[in-house]
Amino acid sequence: MKLVFFCHPSFMRSQSMPRFARMIGGAMQAKGYEVAYWAPQAWVHALFDNTRLAKWAGYVDQYLVFPLQVKARLLRHQQGTLFVFCDQALGPWVPLVKHLPHVVHAHDLLALRSALGQIPQNPTSSTGRLYQRYIRRGFRQAQHFISVSKRTQSDLVEHGQVQAQTSCVVYNGLNYPYKPVPRAKAFQKLSMAGLPATEDSMILHVGGGQWYKNTAGVIHLYARYAARHDKPLPLWMISPHPSNPEVLAALKQVPAQGCVLFYQGIDNAALEAAYSVARAFLFPSLAEGFGWPIVEAQACGCPVITTDDSPMNEIAGPLAKYLPMLKPGDDMSEWAEQGADVLEAVLQVDGSEQLAQRQSRIAWAGQFTTHKAIEGYLSIYQSVFALES
């Protein structure tokens, strides 16, 4: 079985998806499989790079030029090939090989759900709505899917209108071997990274600042907690510095004794250290495809407080503490007050119980390994190939 991976073009400057493709491809090569990567080249995009037309030029490369190249390659392609789409967003290319053995990796359908008007917090332009429907029209023609969570699997049916012959869930594996770092060594790592290392604990949040990370909600929750204490723990936001009006307004609600610090560009080693010494990890997302930071925090033994909705509760399991989903129109003050109650309860767990819970969290996170994910992918690849050949 030869594997051909359809990948995002490099000119899109995505990092996570190319890394995902290389991770799978490298693992399959190590197992002795022949691997090839097919992706659009920047023929037209290169002529308009750094201009207002760059995006549209990229579309020409992706959806006009590249399909012609694929059709030419397919004329010479050998039997015994499985075509793997590394992201369902590559759906427009699915019809090119729908009659051949293929698998589509599905990560999340947040962009599609937004385009369908189901996520009012993230309105989509008219062209964006057309684009997402174009993507859906492509990937819904596929017959075999691998989803990163049960939520994504169900979204494929409900919102993607997929009628798959094969639809499996394989959880992501950690892309860094997160583990607990001894306290003294953790603060040493934080100091080397230029972060405060006063050997005091903190409350932690990790996010990219996107709408679904609920950054303003995190800060409102912290403000309610801080108002109850003369010396509250500081909140570390491993997140872009705020510019959103809602986040800036939330920061004004933090009392004088509270402290909210924003950091960017933190490497895995420093993040591992922060997870290891944090007293609690706040991750009340409005939506996720998977929720990497939840597992990262648990792998380091850190208590997690997240949203009681899938996939967050699916990934965090029975060891996390949960908050209700914050919906449009909900009373932020009431939600934040309830969240502060949950945070207080987590911080008040005594030493012996803390240790027992810590070990349980580490054990739970141990199921999310790259090795297990790769074995899951390979098993499905082999099954689909045998079914379609």
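The values are calculated or read from the model by the stated rules, or taken from the named source; none is laboratory data. The structure presented is a predicted model; accordingly, all values stated were derived computationally and were not measured. Here the Cβ is made from the backbone with ideal geometry for all residues, glycine too, and neighbour counts use every protein chain on show.
A few notes on this one:
- Of the criteria (1) touching a Gly at 6+ places or on another chain (Cβ under 9 Å); (2) of a type in the set (Gly, Ala, Ser); (3) assigned to a loop (DSSP other than H, G, I, E, B); (4) in contact (Cβ under 8 Å) with a residue 24 or more places away in the chain, which one residue 289 fails: (1)
- Of all the numbered requirements in (1) at pLDDT 95 or above; (2) touching a Phe, Trp or Tyr at 6+ places or on another chain (Cβ under 7 Å); (3) within 22 Å of residue 86 (Cα to Cα); (4) of a type in the set (A, V, I, L, M, F, W, C), residue 203 misses one, and that requirement is (3).
- For residue 149, the stated conditions do not hold, so it cannot be described as over 30 Å from residue 257 (Cβ atoms), touching a residue at least 12 places away in the same chain (Cβ under 8 Å) and over 18 Å from the mean Cα position of the chain (by Cα).
- Residues satisfying the stated conditions in the stretch 175-198, i.e. outside any helix (DSSP H, G or I) and either of a type in the set (D, E, K, R) or in contact with a helix residue (DSSP H, G or I) (Cβ under 6 Å, 6 or more places away or on another chain) (or both): 176, 178, 179, 180, 181, 193, 197
- Among the residues examined, residue 261 qualifies as in contact (Cβ under 8 Å) with a residue 40 or more places away in the chain and over 20 Å from residue 212 (Cβ atoms).
- Of all the residues in the stretch 109-118, those that are surrounded by fewer than 23 Cβ atoms within 10 Å (Cβ to Cβ) and touching an Asp or Glu at 6+ places or on another chain (Cβ under 9 Å) number 2.
- Restricting attention to the stretch 339-389, the residues that are over 30 Å from residue 98 (Cα atoms) and of a type in the set (Ser, Thr, Tyr) total 3.
- Filtered residues of the stretch 306-317 (kept if surrounded by fewer than 23 Cβ atoms within 10 Å (Cβ to Cβ) and either aliphatic (A, V, I, L, M) or in contact (Cβ under 8 Å) with a residue 12 or more places away in the chain (or both)): 308, 309, 310, 314, 317
- Hits in the stretch 54-64 - residues which are aliphatic (A, V, I, L, M) and surrounded by 15 or more Cβ atoms within 10 Å (Cβ to Cβ): 54, 57, 60
- Residues that are part of a helix (DSSP H, G or I), in contact (Cβ under 8 Å) with a residue 12 or more places away in the chain and either exposed (fewer than 12 other Cβ atoms within 10 Å of the Cβ) or among the aliphatic types (A, V, I, L, M) (or both), drawn from the stretch 360-389: 362, 365, 371, 373, 374, 378, 380, 384, 387
- Some residue of the stretch 219-231 being at pLDDT 95 or above, surrounded by 19 or more Cβ atoms within 10 Å (Cβ to Cβ) and of a type in the set (Lys, Arg): yes
- Taken together, the residues in the stretch 171-188 that are more than 30 Å from residue 146 (Cα to Cα) and among the charged types (D, E, K, R) amount to 2.
- When we screen 233, 221, 248 for residues that are assigned to a loop (DSSP other than H, G, I, E, B), in the same structural domain as residue 272 (by TED's automatic domain parsing) and either closer than 18 Å to residue 281 by Cα or of a type outside the set (Lys, Arg) (or both), the only hit is 233.
- Residue match in the stretch 79-91 (condition: surrounded by 21 or more Cβ atoms within 10 Å (Cβ to Cβ), touching a residue at least 60 places away in the same chain (Cβ under 8 Å) and in contact with a Cys (Cβ under 7 Å, 6 or more places away or on another chain)): yes
- Conditions (1) closer than 14 Å to residue 289 by Cβ; (2) in contact (Cβ under 8 Å) with a residue 24 or more places away in the chain; number of the one not met by residue 114: (2)
- From the options 201, 167, residue that is among the small types (Gly, Ala, Ser), part of a strand (DSSP E or B) and within 26 Å of residue 366 (Cα to Cα): 167
- Lone unmet requirement of (1) part of a loop (DSSP other than H, G, I, E, B); (2) out of contact with any Phe, Trp or Tyr (no Cβ under 9 Å at 6 or more places or on another chain) for residue 309: (2)
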